[in-house]
Amino acid sequence: MKRPLEGITVLEFSQYMAGPYAGLRLADLGATVIKIERPKYGDACRQLATKGMWADGDSVLFHTVNRNKSSFVADLKNSDDIELVKKLISKVDVITHNFRPGIMQRLGLDYEAVKQINPQLIYAEVSGYGEEGPWRDKPGQDLLAQSMSGLTWLSGNSEHPPIPFGAAVADMLCGTHLAQGILAALVRKRRQGIGAKVAVSLMESVVDFQFEGLTAYLNNPEFEPVRSQQNGAHAYLGAPYGIYPTQDGYIALAMGKMSVLHQGLGDQRLAKWLDGDRYFTHRDEVKADVADILKQRSTAYWIERLELVGYWCSEVNDYQKLVASDGYLSLDMEQVVARNEQTHIRTTRCPIRFNGHTLKSQKAAPRLGADTDAISLEFQL
């Protein structure tokens with residue numbers, strides 16, 4: 001199947017996660033993504049190993065976010081290499097970078113400079129906190145952005161300290177927004193023949209992630225987030241929204257009418273919470289009753305009863321249960337990428353489908369500089 005971005009070439013100066021995640025998605029969609037990497041070390045993510053996992057000299061994390069890309073080595077402190085990079089820039093569609101503010105300008109590769117080389121170029125950059133303001137020079141890192149944005153006060157229960165997400169959500173959201181901006185700019189380029197500068201930041205992405213709660217607060221400061229005393233899952237939703245222990249595991253309860261929950265659980269203790277909005281005004285008391293009821297029976301028992309009356313609920317899977325489940329297997333979310341006969345990595349595929357087809361690729365992340373000569377020949381550098 002011909003992929004929608006075939007024929008688009010991206011130069012990726014980005015390291016670590018947010019920028020490379022955008023590049024990963026563009027590569028999945030068919031773009032040629034060339035990583036511009038420093039000699040000897042390359043992308044710093046090559047040495048950032050999650051759980052100490054390595055494959056063929058690079059971290060498995062690097063393999064995961066850089067599959068289906070090429071690697072071109074250039075020393076950006078060397079004037080000759082800068083000239084080679086500028087020649088590349090003159091022939092590509094997109095460049096991405098996540099250097100701190102001011103660095104690309106010092107290199108002579110800021111937007112104002114490179115658009116003189118390639119006026120139709122899409123110039124896409126990631127920062128931690130934007131190009132202006134007192135935070136501009138702070139390190140753009142996922143946990144720091146989560147913490148500064150207020151996000152860590154939304155998870156857990158009221159007696160808990162601030163709790164960050166156990167995944168790099170700021171990076172992933174920012175990378176997604178960068179890819180969206182690039183795609184929009186490419187559409188405009190095709191229609192109007194002009195380039196664009198696309199800028200996103202970790203902070204703006206993770207603030208936007210909280211638009212639901214922030215909108216409530218901005219319109220009424222009394223509506224600041226208040227976490228439940230127990231079974232917390234959403235600081236702004238009433239009971240029973242949350243995860244509860246059962247006799248043999250856990251069950252997740254989403255939103256729904258208290259009358260339907262009462263019918264499904266079949267316990268008269270919930271009858272007193274049916275009138276008005278007591279499920280919200282007495283959230284913690286309602287949750288305490290629900291928790292006491294649910295721990296009396298198994299997860300499967302409650303799911304059968306609640307699904308019978310149409311109340312939204314689910315089991316709570318760990319990774320072991322998830323990957324063994326029929327639902328997960330039917331999604332066909334996995335693929336194996338191979339750098340060589342000895343290096344095979346089982347990972348996830350692009351979550352997007354086109355005309356019923358999944359977007360998979362067996363091409364692993366490149367060795368440092370593996371494609372420098374081929375790219376130099378192709379682009380006549």
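Summary of computed values
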read-out	value
Any hit, segment 296-314, residues being at pLDDT 95 or above and under 24 Å from P164 (Cβ atoms)	yes
Within segment 262-277, considering residues that are touching a residue at least 12 places away in the same chain (Cβ under 8 Å) and part of a helix (DSSP H, G or I), the one farthest from Q320 (Cα to Cα)	W273
Residues being polar (S, T, N, Q) and surrounded by 16 or more Cβ atoms within 10 Å (Cβ to Cβ) - total across segment 215-257	4
Flag if Y123 is closer than 22 Å to A179 by Cβ, in a strand (DSSP E or B) and either in contact with a strand residue (DSSP E or B) (Cβ under 6 Å, 6 or more places away or on another chain) or touching a residue at least 12 places away in the same chain (Cβ under 8 Å) (or both)	yes
Residue match in segment 9-23 (condition: surrounded by fewer than 21 Cβ atoms within 10 Å (Cβ to Cβ), in the same structural domain as K197 (by TED's automatic domain parsing) and not in a strand (DSSP E or B))	no
Qualifying residue in segment 333-344 (condition: among the basic types (K, R), crowded, with 17+ Cβ neighbours inside 10 Å and either assigned by TED's automatic domain parsing to the domain that holds W54 or out of contact with any Pro (no Cβ under 7 Å at 6 or more places or on another chain) (or both))	yes
Every residue from segment 25-55 that is under 25 Å from S376 (Cα atoms) and either of a type in the set (S, T, N, Q) or out of contact with any strand residue (DSSP E or B) (no Cβ under 8 Å at 6 or more places or on another chain) (or both)	R25, D28, L29, G30, T32, K40, Y41, A44
Flag for L202 being surrounded by 16 or more Cβ atoms within 10 Å (Cβ to Cβ), within 18 Å of E315 (Cα to Cα) and in contact with a helix residue (DSSP H, G or I) (Cβ under 8 Å, 6 or more places away or on another chain)	no
Number of the exception - L109 against (1) at pLDDT below 95; (2) in a loop (DSSP other than H, G, I, E, B)	(1)
Selection status of R67, outside the structural domain of G166 (by TED's automatic domain parsing), under 26 Å from G181 (Cα atoms) and either of a type outside the set (F, W, Y) or within 19 Å of the chain's Cα centre (by Cα) (or both)	no
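The values are calculated or read from the model by the stated rules, or taken from the named source; none is laboratory data. Model, not experiment: these values are computed from the prediction. No Cβ is skipped: glycine too gets one built from the backbone with ideal geometry, and neighbour counts run over all protein chains shown.
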